Amino acid sequence: MAWETVIGLEIHVQLTTQSKIFSGASTRFGAEPNTQACLVDLGFPGVLPVLNEGAVRRAVLFGTAIEAEIARRSVFARKNYFYPDLPKGYQISQYELPIVGRGHVEILLENGERKRIGVTRAHLEEDAGKSLHEDFHGYTGIDLNRAGTPLLEIVSEPDLRSAREAVAYAKKIHQIVTYLGICDGNMQEGSFRMDANVSVRPVGQEEFGTRTELKNLNSFRFLERAIDFEVERQIDVLESGGEVVQETRLYDPQKDETRSMRTKEEANDYRYFPDPDLLPLVIDDAFIEETVRDMPELPEARRRRFEEQYGLSAYDADVLTATRAAADYYEAVVAVAGDAKLAANWMMVELYGALNKAGLELAESPISAKALGELVLRIADDTISGKIAKTVFEEMWQSGRSADAIIDEKGLKQITDSGAIEAIVDEVLAENAQQVENYRNADPKKQPKMLGFFVGQVMKKSQGKANPKQVNELLRKKLE
Amino acid sequence: MSELHQKSLRELGEGLAAGAFSSVELTEHFLQRIRNHDPALNSFITVSDREALRQAGAADERIQKGEGGPLTGIPLIHKDIFCTHGVKTSCGSRMLDNFISPYDATVVEKLADAGMVMLGKANMDEFAMGSSNETSYYGPVRNPWDTERVPGGSSGGSAAAVAARLAPAATGTDTGGSIRQPAALCGITGLKPTYGRVSRWGMIAFASSLDQAGPMARSAEDCALLLSVMAGFDERDSTSVDRPVDDYLAALEQPVKGLRVGVVKEFFGEGLDSGVGASIGEAMKVLEGLGVELVEVSLPHSRYSVPAYYVVAPAEASSNLARYDGVRFGHRCEDPKDLEDLYKRSRAEGFGAEVKRRIMIGTYALSAGYYDAYYLKAQKVRQVIAQDFRNAFDQADLLLGPASPEVAFRLGEKSDDPVSMYLSDIYTIAVNLAGLPALSMPAPRAHGLPVGLQLIGNYFDEGRLLNLAHQLQLATDWHLQTPEGFE
């Protein structure tokens, strides 16, 4: 039987506010345990939550970016359950009335087509703390630094039909939230966490199959592998006459498998009800206008602009707008170098090549955008040739010094003095009398190819510094 | 000169300012009275005498420098539901018997800033759940008018202490009548402000959408002085209202002639003790003598207020009390086997029977499949009740009725019958559901025991409530009567 996969994603995006969603404590990552938890985060008797406006503005930005309805009135609700890293015994979330309603994003399929994926809703909530099971023999340690960190939970429609589509969608959401600057996108630190609802059904069947929820997917690779595993598992169960059980399953990256965490029967009744400590969140048009006034350019718009403004190919524009960091870097290079196409080539070929080889992210590049721009500028203004530039690039990568300093110190400046070039050309011609004669006797169609030999010799003699254009012209004239 | 403990707050303030006595003397006087009389009443959970004398000394310095205000140097007692920095804040529960708060509630902070001296923390029903002060982990409070009788609850310690002149003033909280009912049963004046008028920051939550702090003292004038300090917007409480505080002292002196007061028909029916009814009737005659116009009004849905309250309040409580899990503070059982054992035994040991009953009721009401039928329905009833009040306020400036259907009952009389206990708040609960301000003040006694006259105001109309109560108290001496043995 042929099976169709149906996937919906829930993505928890940690928002970039300085302080927590309901308290003034810092959200900085990596502090000593329990040093960034105030009385509110600790759920002390008598404390009350006060909503962080910054979190609301970030949710509004996201909703606007996915063309969703922003709820003029949304309600915070309590999700009640007991767990030691949940200090109040409930999580403040949004349930029936979320701040962001139905929206959508577009993903690029492998066949080059674009597919629209529905976003059901996005709601604001607070994160829980962390339980530390290691290092405390016979005990569990509790770190509440993360408790109260603002999250935006983004829920997709079950519109995704393969693990690849799920990854493309997750990457698109990642791209949008990092472009907007509402999330740092750091998956290692848990700023972007994904759960997948997965089911299969016979092709042609309208009704959804029973789904399982996959947890603990903290990279795009794990997302893809977990879904692939789970789809296969479900098909195996069904084809051997069994039934899929609705349950939560944990992905184990070491074993590359999913295993049951809890079934529906074991699931909590969260007893949601509106949080009486917080009034309904009412947003007016002015608040939305003010929030989106300075909305950063979104990936799609920036890609189109790169094509138009810089004359880049669709492919180059796509690569250079993949992340906001890349696009910002590129524009900073262009601002210094002037030559947009040359800048694109240098960034995509030399810089990305070197980063790849070193296993570094763009943010970790030893060469800043300004420094790369200065190098590209020296190519564009004929100070050095492209070939010399590669040597300079390597030196910059190693030493962190500027292109101009390296060019100066090593005397790499291109020879453009025609007298000096002519002297070298004459020398080369004199040393290669036989080749000169061969050239002159050759079929004119073959001559351009043969010219390359003389150019090579001249460049070699000038240690690559002679201006290749001048060398070519001069040689052609002298060999006539 | 009358005894210090018989003086009103205004008189005490004047005496302190004039140097007739110092705050330390005044504080020592009350601490001595507490030592003498509280063993019979049990109105205090904690007497913070050393801290009180330190605060009194500081108040005296302020007064000497001429930096004192009208309340500087005057002692008071806080209900043990308010967090007090460095002082045990138990909420009447074993669960918090070991809890020393690391911060002050806004109410505590404001009254301390005004220079008031905290004598200690008042006994109360556990987590404010009760109408007799019998659910306290620290034992029941006794009514100074008859120590075999309850003081009412949940602010029973505050009411008894003020009635017995162990403190000139107290704070209380009112979720379903917890200021007004004990004020009525102990013969003092207590005001529950409009929901949102006083900050809830640092006030341990019972039912967040109903809880409101207010003053408890012997007269409306005293309450006006206290409320002037307690009221106001607090950015730490999202449900507090950002609106200027009225001048309650100026309001006291407004004329009341021609004021229309609605007599709530439903509060005078079956279940009202005839002696209490007669007492309220007497108070109404005096009001008419002051030129007040009495009109009959109806709150047709008020009979639904008790059932609606006993869904909403326990539902919120079941969630509010989830934080008492033995993990971070409060009672933790000995040698827990595992997490579940830690939760179960810590909570089983830490909470008393009434609190457990309400947690169970509330958890049930919020459960999947019951939420719509109970919680949502109860919230709709609140809307209907609020509409009843709006209609009534179309006909009257203030409303009137008894605060409690009967005088103080005997200890243990209702302990085995929670529903009968719940019905002692039948006249007060609707006010909380609607979020309105209301006060209880002494009416003539019945059966030798205090009776509370309840006045209900429109939203933020505390000034007018205090105005009428003050004018009535100028014309009568019901509020000045002191229980025998405590003069």
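The values are calculated or read from the model by the stated rules, or taken from the named source; none is laboratory data. Because the structure is predicted, anything quoted here is derived from the model rather than measured. In this analysis, Cβ positions are derived from the backbone assuming ideal geometry, glycine residues included, and neighbour counts consider all displayed protein chains. Calculation scope for accessible area: heavy atoms of the full protein, side chains included, ligands and nucleic acids excluded. Shrake-Rupley method; radii C 1.70, N 1.55, O 1.52, S 1.80 Å.
Values computed for the structure shown
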| read-out | value |
| --- | --- |
| The range B:65-94, residues that are more than 8 Å from chain A (Cβ to nearest Cβ), polar (S, T, N, Q) and under 27 Å from B:TYR343 (Cα atoms) | B:THR84, B:SER90, B:SER93 |
| Criterion (away from every other protein chain (no Cβ under 12 Å), under 23 Å from B:ARG197 (Cα atoms) and either of a type outside the set (Gly, Ala, Ser) or surrounded by 20 or more Cβ atoms within 10 Å (Cβ to Cβ) (or both)) met by exactly one of B:ASP113, B:ASP97 | B:ASP113 |
| From the options B:LEU185, B:LEU166, residue that is open to solvent by less than 10 Å² (accessible area, probe 1.4 Å), in contact with a Lys or Arg (Cβ under 7 Å, 6 or more places away or on another chain) and away from chain A (no Cβ under 14 Å) | B:LEU166 |
| Near pairs, Cβ below 6 angstrom, 6+ apart or cross-chain, from the range B:66-78 (closer than 30 Å to B:GLY92 by Cβ) to any residue that is open to solvent by 40 Å² or more (accessible area, probe 1.4 Å) | B:THR72/B:ARG62 |
| Test: A:VAL282 is over 30 Å from B:TYR375 (Cα atoms) and out of contact with any His (no Cβ under 7 Å at 6 or more places or on another chain) | no |
| Selection count, the range A:26-58, where residues are away from every other protein chain (no Cβ under 14 Å), open to solvent by 50 Å² or more (accessible area, probe 1.4 Å) and assigned to a loop (DSSP other than H, G, I, E, B) | 5 |
| When residues of the range A:354-375 are limited to those that are open to solvent by less than 40 Å² (accessible area, probe 1.4 Å) and aliphatic (A, V, I, L, M), the one nearest to A:LEU320 (Cα to Cα) | A:LEU362 |
| One residue from A:GLU394, A:GLU374, A:GLU409, A:GLU361 being free of Cβ contacts under 8 Å to residues at least 60 places away in the same chain, under 28 Å from A:MET187 (Cβ atoms) and acidic (Asp, Glu) | A:GLU361 |
| Residue tally, condition crowded, with 20+ Cβ neighbours inside 10 Å, under 18 Å from B:LEU53 (Cβ atoms) and not small (Gly, Ala, Ser), over the range B:6-39 | 9 |
| Segments classed as strands (runs of 3 or more DSSP E), wholly inside the range A:158-277, with at least 1 members that are over 24 Å from A:GLY129 (Cα atoms) and among the hydroxyl-bearing types (Ser, Thr, Tyr) | A:192-202, A:212-217, A:257-263 |
| Evaluation of A:LEU278 against (1) open to solvent by 30 Å² or more (accessible area, probe 1.4 Å); (2) assigned by TED's automatic domain parsing to the domain that holds A:LEU97 (one fails), failing number | (1) |
| Cross-chain or 6+ apart pairs with Cβ under 8 Å, the range A:268-283 first and facing another protein chain (nearest Cβ under 7 Å) and free of Cβ contacts under 8 Å to residues at least 12 places away in the same chain, then in a loop (DSSP other than H, G, I, E, B) and small (Gly, Ala, Ser) | A:ASP269/B:SER367; A:ASP269/B:ALA368; A:PRO276/B:ALA207; A:PRO276/B:SER208; A:PRO276/B:SER209; A:LEU279/B:SER238 |
| Candidate set from the range B:192-202 (those that are open to solvent by less than 10 Å² (accessible area, probe 1.4 Å) and facing chain A (nearest Cβ under 8 Å)); member that is nearest to B:ASP425 (Cα to Cα) | B:ARG200 |
| Hits in the range B:129-139 - residues which are of a type outside the set (D, E, K, R) and either surrounded by fewer than 24 Cβ atoms within 10 Å (Cβ to Cβ) or touching a strand residue (DSSP E or B) at 6+ places or on another chain (Cβ under 6 Å) (or both) | B:TYR137, B:TYR138, B:GLY139 |
| Top-ranked residue in the range A:281-295 [being among the charged types (D, E, K, R) and either at positive phi or surrounded by fewer than 12 Cβ atoms within 10 Å (Cβ to Cβ) (or both); ranked as modelled with the lowest pLDDT] | A:ASP294 |
| Residue count for the range B:458-485, restricted to those that are more than 15 Å from B:GLU282 (Cβ to Cβ), of a type outside the set (A, V, I, L, M, F, W, C), outside any helix (DSSP H, G or I) and open to solvent by 10 Å² or more (accessible area, probe 1.4 Å) | 6 |
| Selection count, the range B:230-249, where residues are surrounded by 20 or more Cβ atoms within 10 Å (Cβ to Cβ) and either more than 12 Å from chain A (Cβ to nearest Cβ) or acidic (Asp, Glu) (or both) | 5 |
| Single residue of the range B:203-229 satisfying the filter (open to solvent by 10 Å² or more (accessible area, probe 1.4 Å) and closer than 14 Å to B:ASP246 by Cα) that is farthest from the other protein chains (Cβ to nearest Cβ) | B:LEU225 |
| Pairs, first modelled with pLDDT under 90 in the range A:298-313, second of a type outside the set (Lys, Arg), C-beta under 8 Å, six or more apart | A:GLU300/A:GLU106 |
| So B:ARG180, is it at negative phi, open to solvent by 10 Å² or more (accessible area, probe 1.4 Å) and touching an Asp or Glu at 6+ places or on another chain (Cβ under 9 Å) | no |
| Residue in the range B:40-50 that is under 30 Å from B:GLU484 (Cα atoms), open to solvent by less than 10 Å² (accessible area, probe 1.4 Å) and within 14 Å of chain A (Cβ to nearest Cβ) present | no |
| Sole exception among (1) over 29 Å from the mean Cα position of the chain (by Cα); (2) assigned to a helix (DSSP H, G or I) for A:GLN309, by number | (1) |
| Filter result (within 13 Å of another protein chain (Cβ to nearest Cβ), assigned to a strand (DSSP E or B) and open to solvent by 10 Å² or more (accessible area, probe 1.4 Å)) within the range A:59-103 | A:LYS79, A:GLN91 |
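The rows are residues; the columns are (1) modelled with pLDDT of 95 or more; (2) surrounded by 16 or more Cβ atoms within 10 Å (Cβ to Cβ); (3) in contact with a Lys or Arg (Cβ under 8 Å, 6 or more places away or on another chain).
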residue	(1), (2), (3)
A:PHE136	no, no, no
A:LEU151	yes, yes, no
A:VAL167	yes, yes, no
A:LEU180	yes, yes, yes
A:GLU189	no, no, no
A:PHE192	yes, yes, no
A:ALA196	yes, yes, no
A:SER199	yes, yes, yes
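One line per residue, one yes/no per condition, for (1) at pLDDT 95 or above; (2) within 15 Å of A:GLU125 (Cα to Cα):
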{"site": "A:THR17", "(1), (2)": "yes, yes"}
{"site": "A:LYS20", "(1), (2)": "yes, yes"}
{"site": "A:ARG28", "(1), (2)": "no, no"}
{"site": "A:LEU39", "(1), (2)": "yes, no"}
{"site": "A:LEU42", "(1), (2)": "yes, no"}
{"site": "A:GLU53", "(1), (2)": "yes, yes"}
{"site": "A:ILE66", "(1), (2)": "yes, no"}
{"site": "A:ALA77", "(1), (2)": "yes, yes"}
{"site": "A:ASN80", "(1), (2)": "yes, yes"}
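Residues are listed down the side, and each one gets a yes or a no for (1) assigned to a loop (DSSP other than H, G, I, E, B); (2) modelled with pLDDT of 95 or more; (3) open to solvent by 60 Å² or more (accessible area, probe 1.4 Å):
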residue: B:VAL286; (1), (2), (3): no, yes, no
residue: B:VAL295; (1), (2), (3): no, yes, no
residue: B:ALA313; (1), (2), (3): no, yes, no
residue: B:ASN320; (1), (2), (3): no, yes, no
residue: B:VAL327; (1), (2), (3): yes, no, no
residue: B:LYS337; (1), (2), (3): yes, no, yes
